[in-house]
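Before any comments, here is the structure.
The values are calculated or read from the model by the stated rules, or taken from the named source; none is laboratory data. These figures come from a predicted structure and were not determined experimentally. Note that we place each Cβ from the backbone using ideal geometry, even for glycine, and neighbour counts take in every protein chain shown. Heavy atoms of the whole protein, side chains included, go into the accessibility calculation; ligands, DNA and RNA do not. Shrake-Rupley method; radii C 1.70, N 1.55, O 1.52, S 1.80 Å.
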Amino acid sequence: MIVEKIQEYIEKKRKISPVHVNRASEIGHPCYRYLYFLRTAWDQAQLPTYKQQLVFDEGKLQERAVLRLLEDAGFDIVEQQRPYEIRELKLVGHIDAKIRVNNKLFPLEIKSMSPYFFESLHVVKDFLNHRYAHIRKIPFQLQAYLMLANYKEAVLLLKNRSSGELKEIVVVQDEKMQNEIRVKCQTINDLVEKQVAPEIHEEFDEKICSTCKFAHICLPDVKRKNEMRIVDDEELIALLEKREQLKPFHDEYLEVDKILSKRLEGIEKAIIGDFIVTGKWVHRKAYKVPETTYWKKRILRVVKK
Ligand code: SF4
């Protein structure tokens, strides 16, 4: 009754916006083909799902709440959503705001996230080594902001969406990452000008491609180009469907288990809620993995359901 009406409203407001330049928020995406499609096929991008739109809207709400909180706490917050551009790179970005700390202004980026992500991120390296591409993108977004606004340091403020906790991370200018951004922008600009889509990387990542809004135009293209064998096996199809359904739970399990391993380190015996938790240090002997040949598979759904 209420939820259905809200869902209808949210679904109606989903939209795609034209993209004619490289965006700071996307420049850390690992796939050049994706960045190329963003510029050349933005009008064919799949609309966000209802759930993705909810997450996006929630992020915006949280961002406004954090800005209000900072102002209430007495911080000077200026230049909210100021647009920037580096014309020769066709690189643009809107910085959430700038914050004055000890009489010094810093570009400010606010990211609200689930407790799982919040607990796993402490320093820039944690972002860069993260298993999720959308988290690995964040330091590049901040480096792009530093280039755009011509600053040496920025503040990344993380908010735990469940507990409301905040965590601040100072992001310092990194020449190597900024050069990477320059090269990426120039490469995409050249390809867009020549209208040549980058080839799909042979090692394309199942996790990234399965949530890509251009998968429906990118992957059929790959299917056409490569000589694919058609296997018509009902049991295999059912297993692939089942795997697809279970995948999000598996990913979430691994993420939660990793956080728990860290949080429970050093606890030998404890009762936590309904759980008995025990642990001990285990010494693992170093050993050399013998050489072997194995079949590496990658599975991607071509037709979105
Ligand atoms: S489906 Fe994968 S390879 Fe194709 S554009 Fe998206 S991320 Fe890149």
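Of the cross-linked pairs 12/213; 98/167; 176/288; 184/247; 5/242, which ones have a Cα-Cα span greater than 24 Å in the structure shown?
176/288; 184/247; 5/242
Across the chain, what fraction of all alpha-carbon pairs, as a whole percent, falls in each successive 10 Å bin from zero upward?
Here the calculated profile for the chain is 5, 20, 29, 27, 15, 5, 0.
Please compute the net charge surrounding residue 6, taking Lys and Arg as +1 and Asp and Glu as -1 over other residues with Cβ under 12 Å from its Cβ.
Details: positive: 5, 12, 13; negative: 4, 8, 11, 57.
Once all neighbours under 12 Å are counted, the net charge is -1.
Would you please put 93-102, 31-40 in order of how densely packed they are, using the mean number of other Cβ atoms within 10 angstrom per residue and starting with the highest?
So the order, starting with the most tightly packed, is 31-40, 93-102.
With springs only between Cα atoms under 10 Å apart, run a GNM on the chain and tell me which of 198, 290, 83 wobbles the most.
Its mean-square fluctuation being the largest, the pick is 290.
Measuring from centroid to centroid over Cα atoms, what is the spacing of region 150-205 and region 81-138 in Å?
Rounded to whole Å, the Cα centres lie 9 Å apart.
State the answer as a single residue: which of 38, 133, 18 lies farthest towards the positive end of the charge dipole of region 2-224, with beta carbon charges of +1 for Lys and Arg and -1 for Asp and Glu, about the Cα centre.
Of the options given, the answer is 18.
For region 39-84, taking Cα atoms only, what is the radius of gyration to one decimal and the Dmax to the nearest whole Å?
Answer for region 39-84, Rg first and Dmax second: 15.5, 45 Å.
Work out the charge dipole of the chain with +1 on the Cβ of Lys and Arg and -1 on the Cβ of Asp and Glu about the Cα centre, then indicate which of 300, 54, 249 is farthest towards its positive end.
300
Quickly work out the residue 291-to-residue 153 label distance, labels modelled 7 Å from Cα along the C-beta direction, and quote it in nm with one decimal.
Taking the simple label geometry, residue 153 and residue 291 are separated by 5.1 nm.
Does region 237-278 come out rounded, prolate or oblate, given a ≥ b ≥ c as the square roots of the eigenvalues of its C-alpha gyration tensor, rounded meaning a/c under 1.5 and, failing that, prolate meaning a/b above b/c?
It comes out prolate by the Cα gyration axes.
Classify region 127-279 from the C-alpha gyration tensor, please: rounded if a/c falls under 1.5, else prolate or oblate depending on whether a/b exceeds b/c.
In terms of gyration-tensor shape, oblate.
Work out the charge dipole of the chain with +1 on the Cβ of Lys and Arg and -1 on the Cβ of Asp and Glu about the Cα centre, then indicate which of 211, 287, 270 is farthest towards its positive end.
Final value for the positive-end residue is 287.
What is the calculated FRET efficiency for residue 217 to residue 134, with r their C-beta to C-beta distance and R₀ = 22 Å, to the nearest 0.05?
Numbers: r = 20 Å, r/R0 = 0.93.
That gives a FRET efficiency of 0.60.
Charges at C-beta only: +1 for Lys and Arg, -1 for Asp and Glu. How large is the resulting dipole of the chain about its Cα centre, in Debye rounded to 20?
It comes to approximately 220 debye.
For a Förster distance of 25 Å, can you work out the FRET efficiency between the beta-carbons of residue 116 and residue 275, rounded to the nearest 0.05?
Details: r = 18 Å, r/R0 = 0.71.
E(calc), rounded to 0.05, equals 0.90.
Using the heavy atoms of the protein chains alone and a 1.4 angstrom probe, what is the accessible area of region 237-278 per residue in square angstrom?
87
Which value, in debye to the nearest 20, describes the size of the charge dipole of region 103-226 about its Cα centre when Lys and Arg Cβ atoms bear +1, Asp and Glu Cβ atoms bear -1, and nothing else is charged?
240
If you wrap a convex hull around the C-alpha atoms of region 66-126 and split its volume per residue, what is the figure in Å³? Mind dumping the intermediate values first?
Values: hull volume 8.5 nm³, N = 61.
Once divided by residue count, the hull of region 66-126 is 140 Å³.
Among 111-121, 255-265, how do they line up by average Cβ neighbours within 10 Å per residue, starting with the highest?
So the peptides 111-121, 255-265, ranked by packing, come out 111-121, 255-265.
Could you check how much of the accessible area of the chain is carbon and sulfur, as a whole percent, using a 1.4 Å probe?
Of the solvent-accessible surface of the chain, carbon and sulfur hold 55 percent.
Would you please state the base-10 log of I(q)/I(0) at q = 0.15, 0.16, 0.17 1/Å for region 110-188, with intensities from the Debye formula using one equal scatterer on every alpha carbon?
-0.54, -0.60, -0.67
Using a 1.4 angstrom probe, figure out how much accessible area region 93-220 has per residue, in square angstrom, rounded to the nearest whole. Each step should come with its number before you reach the end.
Details: 6250 Å² over 128 residues.
Spelled out: the 1.4 Å probe surface of region 93-220, per residue, equals 49 Å².
As a check on your grasp of the helix formula, calculate [θ] at 222 nm for the chain: sum -39500 (n - 2.57) over DSSP H runs of n ≥ 4, divide by the residue count, round to the nearest 500.
-14000 deg cm²/dmol
Decide, for region 9-71, between rounded, prolate and oblate: order the square roots of the alpha carbon gyration tensor eigenvalues as a ≥ b ≥ c, take rounded if a/c falls under 1.5, and otherwise choose prolate if a/b is larger than b/c, else oblate.
Judged from the Cα gyration tensor, region 9-71 comes out oblate (a/c at least 1.5, b/c at or above a/b).
Round to the nearest 0.05 the FRET efficiency obtained for residue 168 and residue 235 when R0 = 41 Å and r is the Cβ-Cβ distance.
The value I calculate is 0.20.
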